[in-house]
Structure formats: structure tokens, C-alpha cells
1. May I ask you to derive the FRET efficiency for B:ILE69 and A:LYS277 from their Cβ-Cβ distance with R0 = 45 Å, giving the value to the nearest 0.05?
2. Quick query: amide H of A:VAL226 versus all other amide H atoms, modeled in the peptide plane; which residues come in under 5 Å with a sequence gap of 5 or more or a different chain?
3. Per the Debye formula with a single identical scatterer at each Cα and no solvent contribution, what log10 I(q)/I(0) holds for region A:212-274 at q = 0.16, 0.27 Å⁻¹?
4. Return one number: the angle in degrees, 0 to 90 and rounded to the nearest 10, between the long axis of the Cα atoms of helix B:29-54 and the longest principal axis of the Cα atoms of chain B.
5. Tell me, what is the FRET efficiency for B:ASP56 and B:LEU80 to the nearest 0.05, using R0 = 45 angstrom and their Cβ-Cβ distance as r?
6. Which three extents, in whole angstrom, do the alpha-carbon atoms of chain B cover along their principal axes, largest first?
7. For B:TRP53, tell me the accessible area in Å² from a 1.4 Å probe, rounded to the nearest 10.
8. Residue by residue through region A:258-267, which ³J(HN,Hα) values in whole Hz follow from phi under the Karplus form 6.51 cos²θ - 1.76 cosθ + 1.60 (θ = phi - 60°), with glycine and proline marked x?
Amino acid sequence: VIRDVVSAVLLLAGAALCLLGAVGLVRLPDLPSRIQAATKPQTLGLLLVLAGTALRVELESAVTLVLVGLFQVITAPVISQLVGRSAYRTGTGAGTCSSSTNWPTRCRTTVPHKLRDVPLYALGDVEPEIHPDAYVHPDAVVIGNVTIGAEASVWPSAVLRGDDGRIEVGPRTSVQDGSIIHCTSREPTIIGAEVTVGHNVHIEGATIGDGALVSSGSVVLNGATVGAGAIVAAGAVVSPGVEIPPRRMALGVPARVREGYEVPEGVYAHAVESYIKRGKRFRAELRRIA
Amino acid sequence: VTVVFLIVLGMLCAAGALTLARLLRGPETLDRIVALDVFVILIVTAAAVYVAWYADGSNIPLLAAVALIGFVGSVTASRLAERRGRHG
């Protein structure tokens, strides 16, 4: 009778664990955590049920049950390892792996899986943090302490090197082809939201306000500030520490603020929108063919 | 005793239904492989409960066979998914 009771308890506990694992399989948000639900509770559940069963059959059969249990204990890790490796190699589920703690440290927890072909580099323990909705072209280079916001885009040959300090690229901002973004230990480079950084721009240790336009070929140097909605004209050089007020235009070498001119509001909004759309299009359609 | 077995089988059926839900929903092939693997384990578990219910050990080799097929199937499927994922 005692045997029957123990057996019943084991069977009930095992079935409950199986149910728990199945609930986890449905409710957990991504593949890596689902693998956990599929292996641990299921295996323990099966072992408990087998133990409960072994108590109710003759010894000979019980030995076979032990073998079945052993087999499960050996194969479950193999399967989860294989599935996990497949997921890691193909990028499945890695896009949401920031919500999971179950990937090995090699997984770039902050890198969306669409970005797997992009040259992203960790420097020591510091990894770039790229929003899943941002677009980084595979010929751009992103290193170290770099944060890229939602719907931001980084285009071919752009380099964002966050080694000595920190680089922030705000949401909906574009960093276009050939632009070089660096920083120093004293001066982080902070680029706000909806900024347009044109082609071949160099920004080093500067702060760019929301909605500003830094035009092609210009240079913004250490400690300089470009106000919100301001324009740095093509080829201008903003000297170290210079402050361009909001909605003003800076031209020339060294850059001077154009007197009596205020940038109309939202004049570059269409450029911002077009780069957000462009990023989405590239994400969907860009294919490397050679 | 019958009540216990009915409860146990009920829980396993619920677990099977949830696993099937994941199997149908995916969204990735690998999610389905994991779900299918769990489903096979659930079948093994249910078969073990059956053996316990009738206290009859003659079906135990069946458990080993199903578990073996499940293992081989999952391994093959995940390798296939990996190859597809890399080329497609």
C-alpha cells in the first residue's frame, strides 16, 4: 500500500512537471528559454513517472525503465545543445535574446539577428547596443561602446568607433556613407534623435542636437555643440568647443554662424523620413550577390 | 487508484495540447522541432503511465523504442534546419 501511495505521488508530480514544461513551452518568449522548458521539467517529469512506474512492475521491467530514464538524461542535453547551436548559427531567436538570460556569453545579447553579417566588434566586455529596429549596413563598422537607437540607420563605410569613450546615435537618425564617428575619454559623442549626418562627415567628441543636419564633408570637433535643428553646411569645420545655437546655420572653415538666418522648422523632415524608409527597404531587399 | 491515473493522464493530455499549440504556432522551424521533441517525451511518459496502470512490464521496450526514434528524429531535424537556415 505504501508502495502504491509513493508511486501515485511520483506519477502525479511527474505529470505536473510535464504540464509545467508544456506551459513554459507555450508562454516563454523565445527559443532559448523554450529549450529550457523543453528539457529540464520534461526530463525530471519523465524520470519521476518512470520511478513511479518502476514501483508497480516486477524488478526485471524496472531495470529496463532505469535504462529508459538514463537514455533520456543522455539525449535531452544533446538535443537542446544541437537545437541551441542551430539557432545560434542561423540567427533564430537571437533577435529577442536580450529578453532571455539563457544564451552563452558568445551571444551578442544586444544584436538583432538581422545584423549578424554586420562587422560589430566588442572591445573587451563592451559591446555595441543596437536597437532591433535600427538598420546597420553590412559594410559599416561598429566597435565597442556604441548605442544606436530605434529606426536609426548606418550606411556603407561609416565607422563608429567607441573605444576611449561613448558614442550615442539617437532614434531615427541616419549616419550616411563614409562618415567617421569617434569619441574621446573626456568627450562622448552624442548624436540626438532625427539627426541627418550626411556623407563623409567626421564627428569627434561633439554633441549634435535633435533634428540637426550635419552636411556632407563637414567636420565637428571635440567639445563642439550643434544645437537642435541647426545646420552645419557642407564642408564646414566646427572648431573644438564651438557652440552652434539651435536652428542656426554654420558655414565655412572655421565655421561661422550665418547672421540673421534661422532654419525653418522641419525643413529636413522629409530627409529623415526618407532614410527611415530606406533603412526598412534595405533590411528587406538588400542581397549580397558576389 | 483509478482517480490518480485519470488525473495524471489528464495533466499529460493538457501538456500534449499545449505542446501541439507550440508546434502549430512555430514561429521558427526550431520551435517546432523542440515542441515535437517534447511531444515524443510526453508520449513516452504517457506510455509509462499506461504500464504503471496495468502493472504490466511487457510494453517497456516500446518506451525505449519511441524515445530512440524521438532522439534520432530531433537530431536530424535540427541539423536539417541549420543547413536550410544557413543557405536560405
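The values are calculated or read from the model by the stated rules, or taken from the named source; none is laboratory data. Everything numeric here is computed off the predicted structure, so don't read it as measured data. All Cβ positions, glycine included, derive from the backbone under ideal geometry; neighbour counts span all protein chains shown. Please note that ligands, DNA and RNA were not included when accessible areas were found on the heavy atoms of the full protein model with its side chains. Shrake-Rupley method; radii C 1.70, N 1.55, O 1.52, S 1.80 Å.
1. Working: r = 50 Å, r/R0 = 1.11.
Efficiency, rounded to the nearest 0.05: 0.35.
2. Excluding prolines and chain starts, which carry no amide H, the hits are A:THR207, A:ILE208, A:GLY209, A:ILE244.
3. These q points yield log10 I(q)/I(0) values of -0.45, -1.15.
4. Taking Cα atoms only, the helix is inclined about 10 degrees.
5. Details: r = 38 Å, r/R0 = 0.83.
Computed FRET efficiency for B:ASP56 and B:LEU80: 0.75.
6. Between the extreme Cα coordinates on each principal axis of chain B lie 53, 26, 9 Å.
7. Solvent-accessible area, nearest 10 Å²: 80 Å².
8. Per residue, the Karplus-derived 3J(HN,Hα) values read 5, 5, x, 10, 10, 5, x, 5, x, 5 Hz.
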